[in-house]
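Just passing along the structure, written as structure tokens.
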Amino acid sequence: MNKTVVLKSILWLCLGIIFILPVFLIIMNAFKPNNDILTSFISFPKSLYLENFSEAMRIMNFWTVFRNTLFVTVCTVIVASAVSFMSAYGISHLPQKTGDKLYTLFVVGQIIPFHAVMIAISMLSTKLGLTNTHLGLIIFYSGFYTSFGVMTYVGFLKSVEEAAAIDGAGPFRTMVQIILPLVKSTTVTIGILFFLWTWNDLLLPSIMISDVNLRTITVNLYMFKSSTNAQWNLLIAGLVVSMIPIIIIYIVGQKHITSGLTAGAVK
């Protein structure tokens, strides 16, 4: 075997170990009592201490916050993906100058950090009566994500539109019969990214949700850390349980991510 290939394989293996090590340490310590974690974070557990998970889920009120998070996340993915697609489809039908200006507005929206509009969002949600509602989270999440969705869709849609126009298809028929099947990879990619971003977000729910029964997983994890006086075994166990859905989603859809982003960027 070529020495270069061997060296590259060893290098990639080392990089893979480095990237997976934090996840491995988190999972490993989820099965250890708190004293063992404080004594040696990198040591293997002496036995599988499963009480961490049951106690963490009880204190977190896990199933309630899980339902809240799943509802907000799924609704956000559906709304944000649909709005992104229709916006990009509309932009691709506009005259070039007008379409380019609208596209630029979406790009600018992508580069504005959340912290710059955090206070304005809090005031706006209060005036509109969206505080302590899942609807408010869905609306604001969808608004934030649409700029990225439009950026991903536009380049791909323009190239497909040209091919469809040659066949004499009208705008509506093009969108339903031609565009939707062709943007499957891009749509799955955007949906997975929107799911991960929404599921893992802490800032927006912590600003808008104060009702204990409406909290999402990340907020309860944060509050859980404070309420348990840094009992790391319970915090880590709760973190591992909350990671399971996004790991499953990512594994199932990972093959679409690269192809979807590449299609939107290259075309």
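For segment 1-53, what does the accessible surface come to per residue with a 1.4 Å probe? Please give it in Å².
On a per-residue basis, segment 1-53 sits at 80 Å².
Now for a different question. Relative to the Cα centre, what is the charge dipole magnitude of the chain, using +1 at the beta carbon of each Lys and Arg, -1 at the beta carbon of each Asp and Glu, and rounding to the nearest 20 debye?
With only Lys, Arg, Asp and Glu charged at Cβ, the dipole is about 280 debye.
Quickly estimate the mean residue ellipticity at 222 nm for the chain, helices only: each DSSP H run with n ≥ 4 gives -39500 (n - 2.57), and the total goes over all residues, rounded to 500.
It comes out at -26500 deg cm²/dmol, rounded to the nearest 500.
Continuing with this model, one more query. Among (1) 60, 50, 46; (2) 70, 67, 31; (3) 83, 37, 27, only one was calculated for this model; which label is it, if the read-out is Cα extents along the principal axes in Å?
Among (1) 60, 50, 46; (2) 70, 67, 31; (3) 83, 37, 27, the one calculated here is (2).
Under 21 Å between alpha carbons: how many lysine pairs meet that in the chain, if sequence neighbours fewer than 8 apart on the same chain are excluded?
The number of close lysine pairs in the chain is 11.
Right, here's the next one. Given Cβ point charges of +1 (Lys, Arg) and -1 (Asp, Glu) and nothing else, what value in debye, to the nearest 20, does the dipole of segment 1-96 about its Cα centre take?
Roughly 260 debye for segment 1-96.
Rounded to a whole number, what % of the accessible area of the chain do carbon and sulfur atoms account for, probe 1.4 Å?
Ligands and nucleic acids excluded, carbon and sulfur give 71 percent.
How much length would be gained if the chain were fully extended between THR39 and TYR222, taking 0.36 nm per residue of separation minus their Cα-Cα distance, in nm to one decimal?
Full extension from THR39 to TYR222 adds 63.5 nm.
Can you compute the FRET efficiency between LEU105 and ILE244 using 1/(1 + (r/R0)^6), with r the Cβ-Cβ distance and R0 = 41 Å? Round to the nearest 0.05.
After rounding, the FRET efficiency stands at 0.60.
Alpha carbon centre of segment 52-120 versus segment 237-254: separation in Å?
So the separation of the two Cα centres works out to 19 Å.
Going highest first, how would you order 15-28, 189-202 by mean Cβ packing within 10 Å?
The peptides rank, most packed first, as 189-202, 15-28.
The values are calculated or read from the model by the stated rules, or taken from the named source; none is laboratory data. Bear in mind that the values here come from a model prediction, so they are computed numbers and not experimental data. Every residue, glycine as well, gets a Cβ built from its backbone with ideal geometry; the counts of neighbours run over all protein chains shown. Keep in mind that these areas ignore ligands, DNA and RNA; they rest on the heavy atoms of the full protein, side chains included. Shrake-Rupley method; radii C 1.70, N 1.55, O 1.52, S 1.80 Å.
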